[in-house]
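Peer 1: Below is a structure I'd like to ask you about.
The values are calculated or read from the model by the stated rules, or taken from the named source; none is laboratory data. In this text the structure is predicted, and so the values were computed from the model without any measurement. When we count neighbours, we look across all protein chains shown, and the Cβ atoms used for this are built from the backbone with ideal geometry, even at glycine. Please note that ligands, DNA and RNA were not included when accessible areas were found on the heavy atoms of the full protein model with its side chains. Shrake-Rupley method; radii C 1.70, N 1.55, O 1.52, S 1.80 Å.
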Amino acid sequence: MIYLSISQWKAFLLDHPLVGVTNFVNLFSLANFYNSLRVSAEFVALTVTFSILFGLVLSLTLNQNLRGTNVFRAIIILPFTIAPIITGFTWRYLFDSNQGLVGAFILPSLGIHIGSILGNPLNALIAVVFVDVWTKAPFMFLIILAGLQGISPSLYRAAKIDGAGALSSFRHITLPLLRKVLIIAVILKVIDSVNAFDQIYVMTRGGPGNATQVLGIHGYLIAFSSSDIGQASALGVIMVIISVVAITFLIRVYNKAT
Amino acid sequence: MKLNIMRILSYLVITGAAVLYGVPIIWIIVSSFKPVSEALTGYSLGQVLFYFTPTLNAYNRILAGPFTADLINSIIVATSTVLICLALGVPAAYRLARTKNAFTRNLAAWMISTRMAPVFALSLSFFILMTRIIPLYDTVFALITVYLTFNLSLSIWILMGYFEGVPIELERAAMIDGASRLQTLTKIILPISKPAIITVSIIVFLFSWNEFLFAFLLTSTAARTVPAFVADFVGIVVIDWPAMTAISTLFMLPALILLTFAQKYIVKGLTMGALK
């Protein structure tokens with residue numbers, strides 16, 4: 001892949017000379033590249049935060065002995081086991097301003113008239129973030145739940161005897177013991193968000209304009225609309241570097257936590 | 001009293017989540033039985049959900065089209081990936097589980113790294129590889145190869161963890177009774193490892209069944225799987241939603257069935273890949 005990034009792969013050319021860092025230089029001169037960096041940064045920050053928060057709330061709730069936990073768990077993880085491209089289309093349909101349950105029915109009856117959701121830059125970004133969180137929070141929920149179940153109940157009993165309330169035992173028992181699991185969840189979600197592609201592709205294809213053009217979509221468009229595999233690979237190398245830097249940092253945090 | 005408030009709050013959260021996750025899926029299934037797509041503005045909820053004559057039109061339409069061939073491709077790709085993963089993974093995992101050295105201890109890091117590989121960057125390399133160097137483009141073998149690289153290491157890892165827990169005395173006893181290594185594996189280890197094998201099969205199946213990017217880039221028509229077929233709808237402005245939702249309904253059936261009957265294996269497989 002690094003080889004691809006420094007050679008010239010354009011459509012219909014038979015030989016592929018090595019061109020050094022030209023692909024990178026060209027990439028850095030594109031305004032669109034900085035746009036997709038910014039969009040990806042926003043996307044990663046928002047999806048990681050909200051999917052973990054939502055996953056944490058769900059797992060704390062379902063970790064009690066409530067009735068029907070299994071059924072609820074099945075309903076919640078179902079979307080995660082369906083192809084992202086199908087769930088992407090599902091939400092594109094739901095958001096549709098003429099025929100969708102949310103876009104044409106629920107929002108207008110709540111008195112919110114924002115027209116086409118995916119046609120407006122800001123709303124489209126919020127929508128793709130929402131759908132990503134909706135799809136991936138169940139996975140975060142499963143990981144965090146597994147972590148919660150590893151915490152011995154006797155700790156909570158001891159805390160209760162010492163007079164600790166629900167909130168303080170969450171702060172002093174649950175959070176510290178959950179830290180490792182939470183960091184793993186963050187690592188997995190960061191990798192997933194940096195590489196986001198499927199759902200955004202089917203929902204907006206990076207649009208409107210380039211409002212939801214994350215790095216993956218940008219690279220895809222360079223590779224197959226502008227037919228410049230070399231430059232797209234340069235972008236791929238940059239995505240790898242971003243992931244590696246982020247993961248190395250998080251692993252360092254993880255090692256400190258243990 | 002305080003406990004009760006917590007309980008009520010918990011049930012509220014769960015119910016909210018169930019609505020948030022259940023309704024879209026129900027909406028898709030209901031819509032696939034609608035005769036034509038229709039505008040919803042100005043209707044009441046009851047009308048939106050129930051006021052139409054259910055019909056199988058959408059299903060007849062899509063099954064008459066190229067969807068059927070793509071569905072067959074999806075089935076071939078997913079089942080072959082599972083079978084090859086098990087055929088290669090079981091012996092490999094067994095050998096590794098019974099060998100203790102620095103290599104097997106560091107294996108975990110390598111195994112995880114293949115699952116975390118940046119897919120977009122790899123997809124371009126695979127695209128060039130399959131179109132220019134090895135002529136596998138638009139064949140099911142291309143997809144099976146790619147899916148194996150993503151899944152084999154994870155399968156070996158899950159199986160290895162399980163095999164390590166099988167007491168070695170069981171094997172010794174079998175061998176004293178005259179069983180060969182292979183017989184020990186097939187007659188003793190495999191039957192008690194059924195949970196691990198089911199877990200691996202389901203996780204690998206769902207991955208291969210749902211995978212989109214590689215299916216989209218590495219196939220055109222002959223080996224196209226359903227996710228790649230669905231992507232053809234992306235550029236269309238006015239989508240035939242009954243057809244689209246019928247495709248979605250058929251395509252999510254395996255996940256629905258597996259979640260109903262084998263939920264604990266899915267949960268185990270998903271979390272095992274991440275924690276340990």
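Peer 1: Pick from A:Phe72, A:Phe50, A:Phe89, A:Phe54: which is in a helix (DSSP H, G or I) and either of a type in the set (Lys, Arg) or more than 9 Å from chain B (Cβ to nearest Cβ) (or both)?
Peer 2: A:Phe50 is the lone residue from the list that is in a helix (DSSP H, G or I) and either of a type in the set (Lys, Arg) or more than 9 Å from chain B (Cβ to nearest Cβ) (or both).
Peer 1: Further, regarding this structure: Is it true that A:Ser59 is over 24 Å from B:Met244 (Cα atoms), open to solvent by less than 40 Å² (accessible area, probe 1.4 Å), within 14 Å of chain B (Cβ to nearest Cβ) and of a type in the set (S, T, N, Q)?
Peer 2: Judged against the criteria, A:Ser59 is a match.
Peer 1: Within segment B:117-150, track down each residue that is open to solvent by 30 Å² or more (accessible area, probe 1.4 Å), aromatic (Phe, Trp, Tyr), more than 10 Å from chain A (Cβ to nearest Cβ) and assigned to a helix (DSSP H, G or I).
Peer 2: The one that is open to solvent by 30 Å² or more (accessible area, probe 1.4 Å), aromatic (Phe, Trp, Tyr), more than 10 Å from chain A (Cβ to nearest Cβ) and assigned to a helix (DSSP H, G or I): B:Phe141.
Peer 1: Taking the stated definitions as given, is A:Ile187 of a type outside the set (Gly, Ala, Ser) and either open to solvent by 20 Å² or more (accessible area, probe 1.4 Å) or more than 26 Å from A:Val48 (Cβ to Cβ) (or both)?
Peer 2: So A:Ile187 fails the test.
Peer 1: Answer with yes or no whether B:Ala58 is more than 11 Å from every other protein chain (Cβ to nearest Cβ), open to solvent by less than 10 Å² (accessible area, probe 1.4 Å) and at pLDDT 90 or above.
Peer 2: no
Peer 1: Which ranges mark the helices (runs of 4 or more DSSP H) fully within segment A:155-258 that have 1 or more residues being more than 22 Å from the chain's Cα centre (by Cα)?
Peer 2: In segment A:155-258, the matching helices (runs of 4 or more DSSP H) lie at A:166-169, A:175-194, A:215-224, A:229-257.
Peer 1: Filter segment A:150-183 for residues that are within 10 Å of another protein chain (Cβ to nearest Cβ) and open to solvent by 40 Å² or more (accessible area, probe 1.4 Å); which is nearest to B:Gly22 (Cα to Cα)?
Peer 2: Ranking the qualifying residues of segment A:150-183, first place goes to A:Gly150.
Peer 1: A follow-up question, please. Is there a residue being outside any loop (DSSP other than H, G, I, E, B), surrounded by 15 or more Cβ atoms within 10 Å (Cβ to Cβ), within 26 Å of the chain's Cα centre (by Cα) and modelled with pLDDT under 85 anywhere in segment B:39-50?
Peer 2: For segment B:39-50, residues outside any loop (DSSP other than H, G, I, E, B), surrounded by 15 or more Cβ atoms within 10 Å (Cβ to Cβ), within 26 Å of the chain's Cα centre (by Cα) and modelled with pLDDT under 85: absent.
Peer 1: Is one or more of the residues making up segment B:187-195 over 20 Å from B:Lys100 (Cβ atoms), free of Cβ contacts under 8 Å to residues at least 12 places away in the same chain and out of contact with any helix residue (DSSP H, G or I) (no Cβ under 9 Å at 6 or more places or on another chain)?
Peer 2: Within segment B:187-195, one or more residues are over 20 Å from B:Lys100 (Cβ atoms), free of Cβ contacts under 8 Å to residues at least 12 places away in the same chain and out of contact with any helix residue (DSSP H, G or I) (no Cβ under 9 Å at 6 or more places or on another chain).
Peer 1: Same structure again: Name the residues in segment B:228-250 that are under 18 Å from the mean Cα position of the chain (by Cα) and either in contact (Cβ under 8 Å) with a residue 40 or more places away in the chain or more than 7 Å from chain A (Cβ to nearest Cβ) (or both), would you?
Peer 2: Once the filter is applied, which keeps residues that are under 18 Å from the mean Cα position of the chain (by Cα) and either in contact (Cβ under 8 Å) with a residue 40 or more places away in the chain or more than 7 Å from chain A (Cβ to nearest Cβ) (or both), segment B:228-250 yields B:Ala228, B:Phe229, B:Ile247, B:Ser248, B:Thr249, B:Leu250.
Peer 1: Are any residues in segment B:214-224 at the interface with chain A (Cβ under 10 Å from one of its Cβ atoms) and either open to solvent by less than 10 Å² (accessible area, probe 1.4 Å) or in a loop (DSSP other than H, G, I, E, B) (or both), and if so, which ones?
Peer 2: Answer for segment B:214-224, where residues must be at the interface with chain A (Cβ under 10 Å from one of its Cβ atoms) and either open to solvent by less than 10 Å² (accessible area, probe 1.4 Å) or in a loop (DSSP other than H, G, I, E, B) (or both): just B:Ala215.
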